[in-house]
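Reviewing the structure listed below.
The values are calculated or read from the model by the stated rules, or taken from the named source; none is laboratory data. What you are looking at is a predicted structure, and each value in this text was computed from that prediction instead of being measured. Using ideal geometry, Cβ is built from the backbone for each residue, glycine included, and neighbour counts are taken over all protein chains shown.
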Amino acid sequence: MGLDRRGFITFLVGGAVGTLFTPVPWKLADDVSIWSQNWPWIPKLQYGARSEAPSLCKLCPGGCGLSVHKVGKRPVTAQGNKNHPLSQGGVCPLGSSAVQLLYRPARVKGPLKKNNGRFEAISWEEAAQIVADNLKGKKIAALSGDENGSASEVLAGFLKLLGSDDFYFMPSDAQVSQRAWSLMEGKGQLGFDLENSDYVLILGADILSSWGPVVRNQKAFASRKGKFVYAGPVQTGTAATVDKWMPVYPGQEGVLALGICYYLLKMGKSASLKNFGLVRDYILSKYTPSVVEAKTGVSAAQVQKLAQDLVKASAPCVLVGSDFGQGSGAFEWASGILVNLLLGTLNQKGGLVALPENKVITSAPWRSELNQKSFLKFLDEVEQGKAVDGLLVYEANPLYALPQPEQVKTVLEKIPFKVSFSTFLDETAMACDLILPAPHFLERFDDAYTPFGVGQEIYSVAAPVIEPIFSTKSTPDFILEVANKLGVDLGFASFEEVLQAKAESLGTDLESVSAEAYTSDKWLAQNSLSLPVEILATGLETEGEGVFLAPVARNYLGNTKQALTPFEVVVVKEFELQKKDFYIQVNKNTANKLKLKQNGKVKLQGAGGECVARVNITETVMNDVIAAPLGFGHQAWDEFAKGKGDNLFKVLSVKEEKGSGLKVWNRSQVKVVRA
Amino acid sequence: MAKGKSCVVLPFLIGFVGALIVGWGLFPKLLYSEKAQPIRFSHKVHVEDQGMACDECHTFREDGSFAGIPTTEECAECHAEVMGEDPAEAKFVEEYVNEDREVPWLIYQKQPDNVFFSHIAHQDFDCTTCHPDVGNSDTPPVYYENKISGYSKQTMKMWQCERCHAQNGASNACYVCHK
Amino acid sequence: MEAIEFKVKWGMVINIDKCTGCGACMVACQAENNIAPMVDGSDKRMTLTWMLVYELSNGKPFPEHDIAYLPRPCMQCGKPSCSTVCPVIATTKDEEGGIVSQIYPRCIGCRYCMAACPYHSRYFNWYDPKWPAGMEKTLNISTSVRPRGVVEKCTFCHHRFMYAKEKARYNGEDPMDLPEDAYIPACAEICPTGAIVFGNLNNPEHKVAKLAKSKYAFRLLERLGTDPQVYYYSEREWVRRQGDNYLPHEKTKGE
């Protein structure tokens, strides 16, 4: 009997039935379904022990303490440090994305040298030699975006020993307040004791969104004892939560402050100023209610009410600052300080306080001196022919975050040797000759001494949380190495030694201060103060032509140092950015006047440049003002930030301020045309 | 052609039995590939010879999580340098301790990422309820890896957990075990 | 639909009067729960935002205009619309604590639950997640990584509940009677103004239980009968009014 077709088929059928009695079909189905859910390109989790390590966020000058959660050796999330006074468990969206920034595609992976327009990798030894060769006997300048870290102290001290006075900080209210305070013969760093105030009046500064130590401001607001009133041109996050929002034209917070002073003076309040009589007469004659109303858009009755409420409060605090954290002048600050002086709150609980300074590098100038130097003034000097052989840029992005960045680029082209220590490929780094990347702050030792805006002296230090992923070197350590090559002695062999000395100068030690921030309640007593009347004239200047621009800074759009982070992309609202277009915000009234339509494409034309945007009509902006977000229009970085929208810094207009030597750009006006 | 009834039963039986043999005998051999642990770890040396207790390495951490298999760092507390003559130990020190690398141990009871198993919730059970008793072995048992799904042959399936939960009155809510 | 009564009911009270719209909660949620970053976030139908901050407006022109921000996680409804429609029971509300589960390997991606959810809290993975090179090293062990084709949503950081129970067991305490600060989701923990308060709604000692009883507390779309476990708090009537589709003559609770 042979195997015929029927037999063969029966054999197959027998096999099939038999297979059903084996685990094969069921196991295969199960395994295949599991296989279909385990594509090799979907990452698998890497397990390990969970732990927390303290750190300090250096993405903005706010100085928040972080608690970095780790799995094994890997940091996974950055959360607030409950024990840190400036964090109290909270973090802003930027700090929250800090861990993922370790692997941001824009990270610079090692020292780079520009060769014929392209960057090529070099070694750190070569880098140190090139820098030493280019600094020896030359005129060097430095720009730092790290307002409160000892790394800047090292850099400033180094420059001084090279014979240079050209160390600058990136512009911010920290500098302007110092200039104003010093013109008033005040000593120390100004701060605001928000935590103990029962009436906080905020003039301009967007304290709950982006100004100063934002998280600490928010914590102070959350546990407040009294009222918070915010005067600004746009309803930002601060306006959404405070007790009262008072619309004021952009950059007019100084005039509003003097308007309040007018009423305080009428009530008989006085301030201990050497030239008080002069100041009083000037304000009473020049800053009358009608003048103030015309300039600020705030009615006289409202200004008077503000003055009365401030007087009724037992611990009022008036915080003045720029709407977008930079560009204001000594005028705004002096006026704001004056209100506090008239209320008698200087160095009082809940008021305006003067905090001590600290330095350990002997050759470095004091922070109060460094804060008074204007980088924009320096750029003017270079443009007019001042010889500068080299520029060192640390934690700063001037080719993006300064007003009229295209002009800044042209001026900086006159400097033949430029080094950027940026951790990321930002606009400035792309234009430099050397990129010598500093590690991400989670990979290095760093510190923050009394961030600007806080109400007490505070010092925090953080140890690295992860070994450097790429070939990076801590910038202050690199500077100390180069200093050694040049035979320049800063007194320390390593940055850790600097931090140890700093801790000791405050009566503690590095280990203790790494575990818990150092704080004190020292306030600096003042000798006699005076207020040069010529500064107060700025508020009376006539404005130019065009609509007022209110730039808005929000931490979820990045900031002057960090571009929109990967995790912040989805936080941006659909009426702030759509694909490649960013939106300017105007209310219906303004839109009708300017003949603008929702989603219409427009060009903003400022004194030094222009921006392309679309229009969003929203009632969160006051009449005759265009609000627009800062943070878009990056031309470097990575796909998360590059090419999205346009850079509003291009249309800011810069003016010279009388009596202070500062440049200001908080009252920019623009023309709007259809694009 | 010879007029014989074509046999239906025999080919059927041959096919049937053949399928049973292939399905029960050959299929498992084909489905699983045999793998060895990267280091020939001997429990016997550590438990019998060195007198270590199980929970010196397999402990609960202070947050309640189970440490599972110790990390290279933990092993290096003793094995920072080669202590004995075994080539397996030498390999461990050379390739893992000195390189500061974790050993890619093959986990017999490996569960997928979407499963959350809490050892401490099961601390009243004997370890051998779920795990093979390797406490006295000199070489680690062979690891059978499913070629299709990528998991271990000993990976427990959901019905095993569910059944025991149901029998013991523990909740069978989805989120009790999944993440 | 029959709703199970749980002994512990995890809930939130979000104080809209304290929310500055900063978005820290949104970023913390992404980092905590292994949500892949997106290059283009313009199309809000494609983005994965388990926690989403909405901007509210009182609809009046300047200068009477008022603004508020509303963070919206999953409501963890007492009577969820989503779990009743799931054809494969990939989502249920059956665990003590009342968190609505979402099991990725069982989800077939039919998106019926997304259609059913009145709060748009559920999100679909249109694409496989893509992390920039190296960023997968920052993956948390909290949640599994989802492939394309499954729905995901806020879980009140359920993994932190599991960790809190493990810790309680280690300390010999009752895992079903956790102290108020033992378990807190990432968003509530990180909020700089403390606008998000979390706890057991059934425990009268917890802050959430007290706040939820306030006349200023309200829930979104309350009259749909979903019984959400997320309450909102605002002393501003216009904000409370936006919590449901009120007819012009209807009053809100706090009036």
Original post:
Restricting the search to segment A:638-659, which residues are among the polar types (S, T, N, Q) and under 25 Å from A:Gln372 (Cα atoms)?
Top reply: A:Ser653
Original post:
Restricting attention to segment C:100-123, which residues are touching a Lys or Arg at 6+ places or on another chain (Cβ under 6 Å) and either assigned to a loop (DSSP other than H, G, I, E, B) or of a type in the set (S, T, N, Q) (or both)?
Top reply: C:Val100, C:Gln102, C:Tyr104, C:Ser121
Original post:
How many residues does segment A:579-603 hold that are at pLDDT below 95 and part of a strand (DSSP E or B)?
Top reply: 0
Original post:
Among the residues of segment A:243-265, is any buried (at least 18 other Cβ atoms within 10 Å of the Cβ), in contact with a Ser or Thr (Cβ under 9 Å, 6 or more places away or on another chain), under 23 Å from A:Asp193 (Cα atoms) and free of Cβ contacts under 8 Å to residues at least 24 places away in the same chain?
Top reply: yes
**OP:** Could you run through segment A:84-109 and say how many residues are under 16 Å from the mean Cα position of the chain (by Cα) and at the interface with chain C (Cβ under 7 Å from one of its Cβ atoms)?
**Re:** 5
Subject >> Filtered residues of segment C:164-197 (kept if touching a Pro at 6+ places or on another chain (Cβ under 6 Å) and not basic (Lys, Arg)) >> reply: C:Ala168
Original post:
Going by the structure shown, is B:Gly51 within 13 Å of chain A (Cβ to nearest Cβ) and out of contact with any Pro (no Cβ under 9 Å at 6 or more places or on another chain)?
Top reply: no
Original post:
Looking at B:His79, B:His131, which one is buried (at least 16 other Cβ atoms within 10 Å of the Cβ), free of Cβ contacts under 8 Å to residues at least 40 places away in the same chain and touching a Phe, Trp or Tyr at 6+ places or on another chain (Cβ under 8 Å)?
Top reply: B:His79
Subject >> helices (runs of 4 or more DSSP H) wholly inside segment B:83-179 that include at least 2 residues being away from chain C (no Cβ under 13 Å) >> reply: B:87-92, B:158-168
**OP:** Would you tally the residues in segment A:412-424 being surrounded by fewer than 24 Cβ atoms within 10 Å (Cβ to Cβ) and assigned to a loop (DSSP other than H, G, I, E, B)?
**Re:** 4
Original post:
Can you name the residue in segment A:515-535 that is touching a Lys or Arg at 6+ places or on another chain (Cβ under 8 Å) and surrounded by fewer than 24 Cβ atoms within 10 Å (Cβ to Cβ) and, of all such residues, is nearest to C:Cys29 (Cα to Cα)?
Top reply: A:Leu524
Original post:
Out of all the residues in segment C:79-101, is one or more in contact with a Phe, Trp or Tyr (Cβ under 9 Å, 6 or more places away or on another chain), hydroxyl-bearing (Ser, Thr, Tyr) and facing chain A (nearest Cβ under 10 Å)?
Top reply: no
Original post:
Can you tell me how many residues in segment A:656-671 are of a type in the set (D, E, K, R) and not in a loop (DSSP other than H, G, I, E, B)?
Top reply: 3
Original post:
Just checking, which of A:Ala78, A:Ala53 is more than 24 Å from the chain's Cα centre (by Cα), among the small types (Gly, Ala, Ser) and more than 7 Å from every other protein chain (Cβ to nearest Cβ)?
Top reply: A:Ala53
**OP:** Select, from C:Met46, C:Met51, C:Met12, the only residue that is more than 7 Å from chain A (Cβ to nearest Cβ), out of contact with any helix residue (DSSP H, G or I) (no Cβ under 9 Å at 6 or more places or on another chain) and of a type in the set (A, V, I, L, M).
**Re:** C:Met46
**OP:** Specify the residue that is surrounded by the most Cβ atoms within 10 Å (Cβ to Cβ); the eligible residues are those in segment A:1-53 that are in contact with a Ser or Thr (Cβ under 6 Å, 6 or more places away or on another chain), of a type in the set (D, E, K, R) and assigned to a helix (DSSP H, G or I).
**Re:** A:Asp31
**OP:** With respect to B:Val9, determine if the residue is more than 20 Å from the chain's Cα centre (by Cα), away from chain A (no Cβ under 14 Å), farther than 30 Å from B:Asn146 by Cα and surrounded by fewer than 16 Cβ atoms within 10 Å (Cβ to Cβ).
**Re:** no
Original post:
C:Pro179 passes all but one of (1) buried (at least 19 other Cβ atoms within 10 Å of the Cβ); (2) more than 24 Å from C:Gly23 (Cα to Cα); which number fails?
Top reply: (1)
Subject >> Some residue of segment B:30-44 being surrounded by 15 or more Cβ atoms within 10 Å (Cβ to Cβ), part of a helix (DSSP H, G or I), touching a residue at least 40 places away in the same chain (Cβ under 8 Å) and within 12 Å of chain A (Cβ to nearest Cβ) >> reply: yes
**OP:** Report, by residue number, each residue of segment A:338-362 that is touching a Lys or Arg at 6+ places or on another chain (Cβ under 7 Å) and in a helix (DSSP H, G or I).
**Re:** A:Leu342
Subject >> strands (runs of 3 or more DSSP E) enclosed by segment A:150-231 - at least 2 residues per element that are under 30 Å from A:Ala483 (Cβ atoms) >> reply: A:167-169
Subject >> Leading residue by the ranking (surrounded by the most Cβ atoms within 10 Å (Cβ to Cβ)) among those in segment C:28-47 that are in a helix (DSSP H, G or I) and in contact with a Cys (Cβ under 9 Å, 6 or more places away or on another chain) >> reply: C:Ala28
**OP:** Would you check if there is a residue in segment C:124-141 being within 14 Å of chain B (Cβ to nearest Cβ), of a type in the set (A, V, I, L, M, F, W, C) and outside any strand (DSSP E or B)?
**Re:** yes
Original post:
Among the residues of segment C:227-247, which ones are part of a loop (DSSP other than H, G, I, E, B) and more than 20 Å from C:Cys77 (Cα to Cα)?
Top reply: C:Ser234, C:Glu235, C:Arg236, C:Tyr246, C:Leu247
**OP:** Specify the residue that is nearest to A:Thr519 (Cα to Cα); the eligible residues are those in segment A:56-74 that are part of a strand (DSSP E or B) and in contact with a Pro (Cβ under 9 Å, 6 or more places away or on another chain).
**Re:** A:Gly65
**OP:** Give A:Ser368, A:Ser335 a once-over and let me know the one that is under 30 Å from A:Ser505 (Cα atoms) and in a helix (DSSP H, G or I).
**Re:** A:Ser368
Subject >> Single condition A:Lys409 does not satisfy, out of (1) in contact (Cβ under 8 Å) with a residue 24 or more places away in the chain; (2) in contact with a helix residue (DSSP H, G or I) (Cβ under 7 Å, 6 or more places away or on another chain) >> reply: (1)
**OP:** Count, please, the residues in segment A:600-630 that happen to be of a type in the set (Val, Ile, Thr) and surrounded by fewer than 17 Cβ atoms within 10 Å (Cβ to Cβ).
**Re:** 1
Original post:
Taking segment C:54-65 on its own, how many of its residues are within 27 Å of C:Ala28 (Cα to Cα) and acidic (Asp, Glu)?
Top reply: 1
